[in-house]
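Notes follow once the structure below has been shown.
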Amino acid sequence: RLIEAGVPITQVTCSAGDLNGGSGDMWDTHSDNFNRLKNNLLPVWDQGCSALLNDLQDRGMLEETLVVFLTEFGRTPKINGNAGRDHWPQAQSVLISGGGYRHGQVIGSTNSKAEHPTSRKVGVEDFCAIVYHALGLRLDDTIIDPTGRPMHLLPSGEVPRELL
């Protein structure tokens with residue numbers, strides 16, 4: 001409804017407290033990773049993501065609405081002593097839909113243990129370029145910082161050609 005009303009950017013978050021009275025990021029599965037994913041997190045995520053994408057598609061709004069699903073970090077390829085997975089900045093999965101981009105593909109890969117990218121790495125500045133492009137911003141656009149100096153939105157980064 002916010003998107004229908006013209007709100008240009010909407011963020012939806014779901015914390016552990018939303019599901020089970022806990023606190024913090026629901027995806028921080030530092031302990032009991034597999035039980036939490038199977039019994040709490042993934043069913044809710046799957047239902048919510050599917051409902052949002054289907055609703056946007058049914059209303060004819062998906063192509064002009066960029067939807068991004070991600071967490072703040074990737075997760076360690078190895079299980080810790082608490083049967084959990086910790087933060088891992090070397091590799092992460094991000095799901096992108098809508099926004100006028102080409103979909104139905106995987107861009108990039110990791111080694112067999114998901115430790116680090118092995119092909120077509122998409123970095124943080126590339127991710128920002130994807131979002132900025134969907135918002136109609138050019139990467140070489142400049143903004144004026146608080147001291148009055150012009151600065152580019154991004155010093156580097158590009159939208160992966162596979163999306164265009």
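The values are calculated or read from the model by the stated rules, or taken from the named source; none is laboratory data. It should be emphasised that the depicted structure is a prediction, and the values quoted were computed from it without experimental measurement. Note: areas computed on protein heavy atoms with side chains; ligands, DNA, RNA excluded. Shrake-Rupley method; radii C 1.70, N 1.55, O 1.52, S 1.80 Å.
Rounded to the nearest whole Å², what accessible area per residue is found for the range 1-143 with the 1.4 Å probe?
65 Å²
Run a plain Debye calculation on the range 70-164 (Cα atoms as equal point scatterers, no solvent) and give log10 I(q)/I(0) at q = 0.15, 0.19 Å⁻¹, rounded to two decimals, same order as the q list.
Result of the Debye calculation: -0.72, -0.97.
Note the listed values (1) 161; (2) 129; (3) 118, then indicate which one is volume of the Cα convex hull per residue in Å³ calculated from this particular structure.
(1)
Report, to the nearest whole %, how much of the accessible area of the chain belongs to carbon and sulfur atoms, 1.4 Å probe, protein only.
Details: 5930 of 10920 Å².
Accessible surface attributable to carbon and sulfur in the chain totals 54 percent.
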